[in-house]
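The values are calculated or read from the model by the stated rules, or taken from the named source; none is laboratory data. Bear in mind the structure is a predicted one, so any value in this text is a computation, not a measurement. Because the Cβ atoms are built from the backbone with ideal geometry, glycine has one as well, and the counts that use them run over all protein chains shown.
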Amino acid sequence: MNKQASQHLANGPATLFEKVWSAHAITTTDDARSLLHVDRALLHDLSGNNALNALAERGLPIRHPELAFSTPDHAVSTAPGRTGETYAGGARLWANLKVRSNAHGVRFFDTGTIGHGIVHVMGPELGIVQPGSSVVCGDSHTCTNGALGALAFGIGASELAHVLATQTLWQKKPKTLRVTFDGALQSGVSAKDLVLFLIGELGARAGTGYAVEYAGSTVRGLDIEARLTLCNLSIELGAKVGMVAPDDATYAYLEGREFAPRGVLFDQAVKYWRTLPSDAQAHFDREERFDTTSIKPMMTWGTSPEHVIAIDATIPDPASAPDSRRRTEWRTALDYMGLEPGQQLEGTPVDWVFIGSCTNSRLSDLRGAASVVRGRRVADGVRAWVVPGSEQVKRDAQALGLDQVFKEAGFEWREPGCSMCVAANGEVVPPGARSVSTTNRNFVGRQGPGARTHLASPQSAAAAAITGSIVDVRRLAHG
Amino acid sequence: MDKVTSIVGIAAPLLRSNIDTDTVIRIERLTEHARHELGPYALEALRFRQDGSEDPACVLNQRAFRDASILLAGDNFGCGSSREGAVWALLAAGIRCVVAESFGEIFYNNCFQNGLFPIRLSAEDIRTFADHAQAGHILEIDLRMQTIRSETEVRPFAIDTNRREALLEGLDDISRTLKSEDLISQWQAEDRLRRPWVWEPVRLGLA
């Protein structure tokens, strides 16, 4: 047993989060802020550029360029055949990220090459993110990477500059929240539905100030890509950090990936990683438990991820909101979304379907969507896009013929990037148009000014494209 | 970063919850504009109607609050995206302090990196100050005393000592951390033995 792990036993039972946190705390102040070592910094074309420019202004070097990785994802076009310059509004960002990354010796993954992709797809895919490592990126969905048992969280551009200059970051230690899911998942219900259900139950700020650990038999049964989806929406619960304890599935996922340890080092790493899961008697500041067997496909109706219901439920009535503030909020949200209280969501006509984003753009997501689409046609009047999460995902999907399944059905099959999830690259849902999206935020204007977003799983989004309206995907089950 | 000691000004009551950073600043404004140019786009989703005209119902468009330097908000202000542009946009629009029941954590941290002052206060206290602001009171926030006062009320607020000092001194974290160089180097030397795979494979990958 290594020194770190034995220390934990000596100090009593600890949670996964506490183990990884204390393994990175270089020093701690009297007001509970720790100087954390950062093992991996991920840079994208918005915050990554901001941070690199901040360093340049101050003439500071990057302390460990070999521990930083960059890729342009937000402001690049996803049109077939694009380059980093295709979207004029992002061309300077692409060029700046490339030039500065290369000048500093930071590994840069350009469009069209293996390694390129949405930064939170790229990190796990290349084995850059590992159990027990600390990972930051100037992007709130960095919590995605916690699915591998990493302490991964989003930071601002100034904090990122601090990380690049010092390989450390001052952070206040959060409290711990364990969410335990037990039970099987119904057919047509995915990790996306699970986490939307959770946010609906606890609210969009329940996780604020907490690091979340997802545990229980349901989570153990999720493959790594599904765990990435689960952790991705931690920030929509308010939590900067969401983690799943590493297990054999994690180690099998990582083995052989480009930046994962190899040979003897891999064995040594696995030995250490096995010490990370929360101890049986570990204390959590808050615990929540859910039986998953009755969870249905979920879909949002409003402008916060907590505005979510089961697909067969009716849209809530502001008159029955728990307090006056939420009454106003729900009314405003329904007004923006063009929906009436008491309506069924099912049957609402849709204009757009977007399958992609750091939430749901991995191979298993595309397979799930394709299984609904296969042999069917996108409804008239619906524009439907599939934007794979990375160059690797795109090529893997093409090798399986998934691109053909989508294209034959009338979907557009595009190049990897964030695209319409964040609409930073000119790709927007038009004002007033209704979109079922596999993304993570249904905020006002998130997918474009006036766009109406319904968050859902890839299967549910695919089903909406086929039907031309919001539909319970279970009605479309093949066979 | 400018030193912050006190802020005296008009407070605009924008008492909604979950004002996310997408709402504070649209992402494409950050690709189009430098940080000091973001002021006109701060909170545009709330300030403007879809046809581009000002929404007179929005408090920020009302004459009494156009020069607000303090924002009074509800719960979970600055949730969502980590974009630091949300802080830059508010500063560029003249906002120097946000008072809310709670904040999105990344936004909260970003505030301190730029001298925008976030204060957590109870819903009841915020309501009180919002009423006073509506009645035309100027609010005064004193960072040294850790108080917020209107013409008739005063309330204390809490803030981490280190963060308060940093705001008061206009200190930035990088300079401070670089002074811990020995500590960091020593930690890294030990970690290379403890977790060699964290350091080694990356070097191989680059080779």
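Structure notes:
- Residue selected from region A:269-301 under the condition under 22 Å from A:GLY200 (Cα atoms) and of a type in the set (Ser, Thr, Tyr), by the criterion surrounded by the most Cβ atoms within 10 Å (Cβ to Cβ): A:THR300
- Failed condition for A:PRO261, given (1) under 26 Å from A:LYS175 (Cα atoms); (2) crowded, with 19+ Cβ neighbours inside 10 Å: (1)
- Single match in A:PRO449, A:PRO388, A:PRO430 (criterion: over 18 Å from A:ALA464 (Cβ atoms), more than 17 Å from the chain's Cα centre (by Cα) and in a loop (DSSP other than H, G, I, E, B)): A:PRO449
- Total residues in region A:117-141 satisfying the condition of being touching a Gly at 6+ places or on another chain (Cβ under 8 Å) and within 15 Å of A:PHE17 (Cβ to Cβ): the figure is 3.
- Residue match in region A:219-232 (condition: in a loop (DSSP other than H, G, I, E, B), surrounded by 24 or more Cβ atoms within 10 Å (Cβ to Cβ) and not assigned by TED's automatic domain parsing to the domain that holds A:GLN459): no
- Qualifying residue in region B:139-156 (condition: touching a residue at least 40 places away in the same chain (Cβ under 8 Å) and assigned to a loop (DSSP other than H, G, I, E, B)): yes
- Of A:ALA165, A:ALA161, A:ALA152, all but one fail to be touching a helix residue (DSSP H, G or I) at 6+ places or on another chain (Cβ under 9 Å), among the hydrophobic types (A, V, I, L, M, F, W, C), touching a residue at least 24 places away in the same chain (Cβ under 8 Å) and assigned to a strand (DSSP E or B); the exception is A:ALA152.
- Selection from region B:6-52 of residues that are within 10 Å of another protein chain (Cβ to nearest Cβ), surrounded by fewer than 17 Cβ atoms within 10 Å (Cβ to Cβ) and of a type in the set (Ser, Thr, Tyr): none
- Residue check, A:HIS74 under 17 Å from A:CYS418 (Cβ atoms) and within 11 Å of another protein chain (Cβ to nearest Cβ): yes
- Some residue of region A:376-384 being within 24 Å of A:GLY84 (Cβ to Cβ), out of contact with any His (no Cβ under 7 Å at 6 or more places or on another chain) and in the same structural domain as A:ALA464 (by TED's automatic domain parsing): no
- Screening A:ASP73, A:ASP45, A:ASP31 for residues that are surrounded by fewer than 22 Cβ atoms within 10 Å (Cβ to Cβ) and either over 22 Å from B:ASP173 (Cα atoms) or at pLDDT below 95 (or both) leaves exactly one candidate, A:ASP31.
- Scan region A:286-330 for residues that are of a type outside the set (Ser, Thr, Tyr), assigned to a loop (DSSP other than H, G, I, E, B) and under 20 Å from A:VAL219 (Cα atoms) and the total you get is 3.
- Scanning region A:258-276 finds no residues that are closer than 30 Å to B:ASN109 by Cα, in contact with a His (Cβ under 9 Å, 6 or more places away or on another chain) and not assigned by TED's automatic domain parsing to the domain that holds A:LEU339.
- Residue pairs whose Cβ atoms lie under 8 Å apart, separated by 6 or more positions or on different chains, with the first residue in region A:125-141 and more than 10 Å from chain B (Cβ to nearest Cβ) and closer than 15 Å to B:ARG195 by Cα and the second among the polar types (S, T, N, Q) and surrounded by fewer than 24 Cβ atoms within 10 Å (Cβ to Cβ), are A:PRO131/A:THR250.
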